[in-house]
Each structure stands twice: as C-alpha cells, then as structure tokens.
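*Asks:* Just dropping this structure here.
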Amino acid sequence: MKITRRNFTTGAAAIAGSIPLIRPMGRAIAQVEPIRIGWLAAMTGASSAPAIGFDRGVHYAAELINATGGVKGRKIEILTRDTQGDPTKAVNATQEMISQLKVHAIWGPTNSGESLAVTPIMARANMPNIHPCVVTALIDEKKYPNAFRTSPSLGQWDDSMRAYCLNVLKTKKIAVLGDTTGFGSAAANFSVAAFKKDGADVVYAANIDYNQPDMMPDMLRAKNAGAEVVVVWSTSTGMDARLMNTRAALKWDVPFVGHSSMSSGDVANLIEKREYWNKVYVTGYRSCSYDTNGKLPPRTQEFVDQIKGKVKLSDNLLWWVAGGVDAVNLVAKAVETTGSSSADDIIKFWNSLTKYPGYYGDYTFTPTQHNGYPTEDVVMSEASSAKDGAFSLAPGYKA
Amino acid sequence: MIASILASGLAVGAVYALIGVTYNTMFSASRVISFTTGMLGMLGGVFGSLFVLRLGLPIWMGFALTLTCCALIGVLTEFVAVRPVLKSLDQHLYVLTTLALSLMIQQLTATEWSTEPQRFPRLFDIGAGVFDEKFWLPVVACGIVMGALELLYRHTLVGKAFLAIAEDNFAARALGLPERNLRIASFALAGAIGAFAGFAGGELLLAFVANGALLNFYGFVPVALGGLGNNRGAIVAGFALGIYQQAANFIVGGIFASVAVFALFIILLLAAPQGLFGAPATRRV
C-alpha cells in the first residue's frame, strides 16, 4: 500500500486515540499477573535441612492462597532455585530472579554465608527481601532498606542464652566453645564479650576444629577451670555429640547451653547413651515450644491442626515450616493491603507492621528497625524433647 | 592426662600411619601420589556403617565388603586417574586427575550418604575409658597390616614382584614381570589398606564425609616425614604425629594444635628434605 500523507495522519491519530484504551488494559494485565516470589533455597548440600522445612511451608502457603482465589485474583507463583548452600550459585540465582524472572519479592537465602553475598545485589535492585539469617551485618536499614529479617539475629540468640545462664541457671563461671567455622568463631567471640560485659567470669574459651576426634583436652581444661556451664556455638552435630560423650566420660554434670544443632536427631544417633543428652538446652522459640503442661500456644496449635496430614513435621522443625508460611503470607498481605506488587509499596507496607501475627512470631518492622522477631519470644528449649518438630521449654520458664 | 594423650594419640596416629602406607603402596607401583587415598579411609568408615548399621549385615561380612568395595575403588583409580597420565609423570598431571576423582568420590558420598557424621557400629564392645576399643583397634589394625605386608613382601613371589616393580619397573618388565597387572593389584591392595584404616578408626572418626580431606592431609605428613615409599618410616612418623598432635591439643589447645603440628612439620622437612627415614635423592649420570 502506498503511504500518503493522509494515510499517515489517519494512522497516527488512530494510535494516539487508542492509548487511553491500552492503559487500562495494562492495568488489567497487572491485576491478573501472578505474584512472583523468588525462593533461594539450599535444597541440597550441607545446609539443606532448614531449606527443606521452609520449602514445605512455602508451598503449603502458596497452594492455600491459590486455592482460595489468590490475592485479589492474582495467583502466587513460587520460583525456586536450589543454591546448594553455595554463595556463588545464590548470586547467579538472585541475578536471574531480578533480571529474567522479574520476581516481586525474594524469600531467602536461608544461611548467612549466601545471604552476605546476595544482600548487596538485592539492595541495588531495590528487591523486597525477607530472610531468616542470623548474622548481624545482614540487617542495615540504611545500606539495605529492602532487607527484612524474620528470625532472631545472632545477638538476640545470645541475649536469650546468656539470660538463661545468668538468671535461670544462676551460673557465674562460664566456658564458651565455638567451632572453627566463621559462624562458630563469630558467635563464640560475641558470647565471650557479652558475658564479660554482664560481669560473668569466662573461665575458659576456645575454638575447636569440628573434625577433632577427641574433645577431652578442651573439656578437661574447662572442667579444671571450674566452669559451671558450657556454652556451645557450633552447627556440627559431630562436635556436639562428641562433647556430650566426653562430658559423660568425665562424669561431669555440667549443663550445655547453645546452638539448636545440639537438638538435632543426628546427635541422638551419635551419643553413646540417650541420657547423655540430658541437661542440654538450645535456642528455641516460644511460638514453637510446649509449655510445662505440654501444650503449644493456641495459634500454633491451630496451625499444627491445619497442616496435619498435609505437611510432614516428624523429620523437620516446626519453626522452619511456620517460617516458610509466614514469608509467603507477608508478601501476599503486602499486595493485598496496598493493591500493588511494586517494590516500593511492598517495602513501605512491611515497614508499617506492628506485631503482625505470624505462626512463627509476631513481626514488627519500622523504617529504622528491620530485625522483626521479638526478643522476648526467643527462649531456651530442652534439646532432647523434640516431638513433631517442636520442643519443650527448658526448665525455669513459666507456662 | 598422659593416659588420654597416649590413648587418643596412638589411635589417630595409627590411622594416619595406615593412610601413609596406602599412599606408599600406590606410589611404589606407579610413582604417583594419589589424592584419592584419604577418600579410601573415609569410605572405610562410611561403608562399614552402611553395611553393618543400615543394611544390618554381620560385622565380618560388612568388613569384607568394605575392603572389597575400596579395593575396587583402588582399581578404578588406577584405570581412570593414573594410567592415562603415566606417560607424562614429569608433568605431574596425576595431581589433577587424582584430585578430580577424589572430589567426585567426596561429592557422591555427600549426596548419597550424608553431609553430617553418622554413627559407626561398636565392633567388639570391649574396654572402657582409655582402654576402650575405639583407641586400641586402630593400633591393632596397624600391627596386622604391617605384619601382613612384611609376610607378603618378604615371603611370597607376588610380594617380591611388587618390590621389583617398585625398585625399577623398566627392569622388572624386561624380566617378564606383568607390570600392568601388578600395578592394578597394588592399587587394589592400597584400597583395602585404606579401607581397613577407616574401618578400624570408625568408632573414633565416625562415618563422616569430611574425614576424606582430613585424612588426605594428615595421612600425607607421615609419608613426607618417613620418606616417600618407606612404610616403616610412615608407621613411626604416623604414631609420632598422632601423639604430638594430641599433646599439642592438651597443651596449647584448639586451632593452635594444628599450627604446632605444621610448624614442626616444616622445620623437620627443612632439616631433612628427604624425610627422617628416606635416603637422599640420587641421580644416575
């Protein structure tokens, strides 16, 4: 067809006239567009256990929301990438989620090593991010205004553990043992400094290679130094079990207090006798703990009843599943309340939350505080009391 | 404290010594230092736990199967990682091939077994405290292996053939010895020795994938100190290393014990580069 001046003018006018019609269409597309949540999950590799638990919660929540019509008609779409616990893979997956998958928010990673690598990348893209990683530096409201923590920080864990040692167990002479990993040494150093600040006497502190076959040297030194409690910061179940076996070999009735890896089922397989697991108290959460009457808090019990037969808890921790559900719900709630899935609106909504009732915790965020988990709900649990993924409160807590 | 240092030191020392002997057995037949050695030790523990605890087989059968499986992995090492690079030994390509195979074994074990340490069965349930079987079993295993190797090398024709190819494989081949088959047999024997180390030390080291890298590292120290290819030197150096390491654990503790071990290792190698029991290198002119 020959293009004449008249044809061109008519065509241009038609296009200009149709723009007001196209805009609402775009809005309509956005209204039915799924809410895409990126899920950085270490589903395989050394730190896969928590991610498997979180994953069950994530999919349960997404399926539940989608089954009831979605969020204002928009379905939740979970886009999972297995990072294998490797920061390099986590970086690649994050970049893919931001630039190709165009996700609206990211949940994860679930370990601090990966999170340290991807947090600045997400901050540059202003990507709304929730994670459960403990390292203090991961939350910085000025540098990373997009990053929100739904689990306690290392400092909150340590505060709870220290309060238990000093106020409940009434111990004053402390031994602190960490493994030689980045987490183990950072946590042990943090503990030593905090105990000293609170006037306690740190009689022995050491970092132990988690592969060391014999824990006798360090345990003997701690005993000879007069320690009344041994604080253990390690994620190695082998080291935990060896410490418990050595405590028994020394016939030393000292309590162990520390990281929740001491409550892992792997420890039960490695200790020589079941009773060696007694007097071991680990960091836990009030929302996922049985009280002295053996009951869970009402909201948690309601959640457990709801997921019964649908989500397996016997080989997992309840707080992992609940944390996964809460992460999806936090994104869904932001879109539902603001009517938008833009990054700025999601972040603004999260910054306005006060005691948002999740299953794992009541989260509070402000523009200047992105550590959302309530410190008073971080408690100590009895390591050997696991039942359906939850633990009994350690002795000394009120029902 | 001294009893504890001796019990634990001799036990880990025996495991290091046996891993050193495994290195030497492979080296003698091929002039290759294979980094799959530590993995064989690790697999000794993993297979032992798998066969006896998970599959519920009798201990003797689990032991025999463990040795057989690791012997086969030894043979696989010869086929996959050693034979292709034998013609270019001077380029040390075996470092790459054996390290690659070692990493593959480690990853496969982590994926199929566990990344967390697993329990190893109690074998005889004898002893307690410093006389617990977990401390003396590796020492007994070390004695058995040394006795058996002495018998093999000194009193059997096959053993003498092994020594012949270790001494000069060109001359041995010229005399009609089946050098390739003897090398395969050496790698199978090395696999079984590594497995024995891991099985005997399983109660102490547990069935744990991370033991592979640890044994690769600490098992090589007796080889370097005792002189490459010298089994007696490796045994003496292995026990010395175990006791010194455990004493350092008690005296300086924690991470400083490893520093103490490697500081001494470097000083000794500076003083005697050929190892404490090795002969200085000579060159034919």
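*Asks:* Return the pairs, sorted by first residue and then second, in which the second residue is among the acidic types (Asp, Glu) and in a loop (DSSP other than H, G, I, E, B), the first residue lies in the range A:166-182 and is more than 13 Å from A:Lys223 (Cα to Cα), the beta carbons are less than 6 Å apart, and the residues are 6+ apart or on different chains.
*Replies:* Every condition considered, the pairs that remain are A:Thr171/A:Glu228; A:Thr180/A:Asp209.
*Asks:* Could you check how many residues of the range A:214-232 are within 11 Å of chain B (Cβ to nearest Cβ) and out of contact with any helix residue (DSSP H, G or I) (no Cβ under 6 Å at 6 or more places or on another chain)?
*Replies:* The total comes to 5.
*Asks:* If you don't mind, another one. Let me confirm something: among A:Thr246, A:Thr283, A:Thr235, which residue is assigned to a loop (DSSP other than H, G, I, E, B) and more than 8 Å from chain B (Cβ to nearest Cβ)?
*Replies:* Within the list A:Thr246, A:Thr283, A:Thr235, the selection yields A:Thr235.
*Asks:* Of all the residues that make up the range A:192-213, how many are surrounded by fewer than 23 Cβ atoms within 10 Å (Cβ to Cβ), more than 16 Å from A:Lys172 (Cβ to Cβ) and within 12 Å of chain B (Cβ to nearest Cβ)?
*Replies:* Count: 6.
*Asks:* Which one of these is of a type outside the set (Phe, Trp, Tyr), in a loop (DSSP other than H, G, I, E, B) and under 18 Å from A:Val58 (Cα atoms): A:Asp315, A:Asp326, A:Asp305?
*Replies:* A:Asp315
*Asks:* Where residues in the range B:239-285 are modelled with pLDDT under 75 and loosely packed, with under 12 Cβ neighbours inside 10 Å, which of them is farthest from the other protein chains (Cβ to nearest Cβ)?
*Replies:* So, considering only residues that are modelled with pLDDT under 75 and loosely packed, with under 12 Cβ neighbours inside 10 Å, the one farthest from the other protein chains (Cβ to nearest Cβ) is B:Val285.
*Asks:* Let me ask something additional. Could you check how many residues of the range B:36-63 are farther than 16 Å from B:Ala197 by Cα and surrounded by 24 or more Cβ atoms within 10 Å (Cβ to Cβ)?
*Replies:* 1
*Asks:* Being under 20 Å from B:Gly202 (Cα atoms) and in a helix (DSSP H, G or I) narrows it down to one residue among A:Asp266, A:Asp214, A:Asp218; which is it?
*Replies:* Only one candidate qualifies: A:Asp266.
*Asks:* I need the strands (runs of 3 or more DSSP E) fully contained in the range A:46-155, keeping only those with at least 1 residues that are touching a strand residue (DSSP E or B) at 6+ places or on another chain (Cβ under 7 Å) and either without any contact (Cβ under 8 Å) to a residue 40 or more places away in the chain or among the acidic types (Asp, Glu) (or both).
*Replies:* A:76-82, A:129-131
One line per residue, one yes/no per condition, for (1) polar (S, T, N, Q); (2) under 16 Å from the mean Cα position of the chain (by Cα); (3) more than 28 Å from B:Leu65 (Cβ to Cβ); (4) crowded, with 24+ Cβ neighbours inside 10 Å:
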position	(1), (2), (3), (4)
B:Glu133	no, no, no, no
B:Pro138	no, yes, no, yes
B:Gly143	no, yes, no, no
B:Glu150	no, no, no, no
B:Val158	no, no, no, no
B:Ala164	no, no, yes, no
B:Ala197	no, yes, no, yes
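*Asks:* Another one. For the range B:208-227, name all the residues that are of a type outside the set (Gly, Ala, Ser) and more than 13 Å from the chain's Cα centre (by Cα).
*Replies:* Matches in the range B:208-227: B:Phe208, B:Val209, B:Leu225.
*Asks:* Continuing with the same structure: Looking at B:Leu86, is it out of contact with any Asp or Glu (no Cβ under 6 Å at 6 or more places or on another chain) and not in a helix (DSSP H, G or I)?
*Replies:* no
*Asks:* If you don't mind, there's one more thing I want to ask. Between a first residue in the range B:108-134 that is within 10 Å of another protein chain (Cβ to nearest Cβ) and farther than 19 Å from A:Leu243 by Cα and a second residue that is of a type in the set (S, T, N, Q) and in a loop (DSSP other than H, G, I, E, B), which pairs have beta carbons less than 8 Å apart while being 6 or more apart in sequence or on different chains?
*Replies:* If the second residue must be of a type in the set (S, T, N, Q) and in a loop (DSSP other than H, G, I, E, B), the pairs left are B:Thr111/A:Thr44.
*Asks:* Answer yes or no as to whether B:Glu112 is in contact with an Asp or Glu (Cβ under 6 Å, 6 or more places away or on another chain) and either among the hydrophobic types (A, V, I, L, M, F, W, C) or over 22 Å from B:Ile184 (Cβ atoms) (or both).
*Replies:* No, not satisfied.
The values are calculated or read from the model by the stated rules, or taken from the named source; none is laboratory data. Computed from a predicted model, the values in this text were never measured in an experiment. Cβ sites come from the backbone with ideal geometry, for glycine too, and all protein chains shown count toward neighbours.
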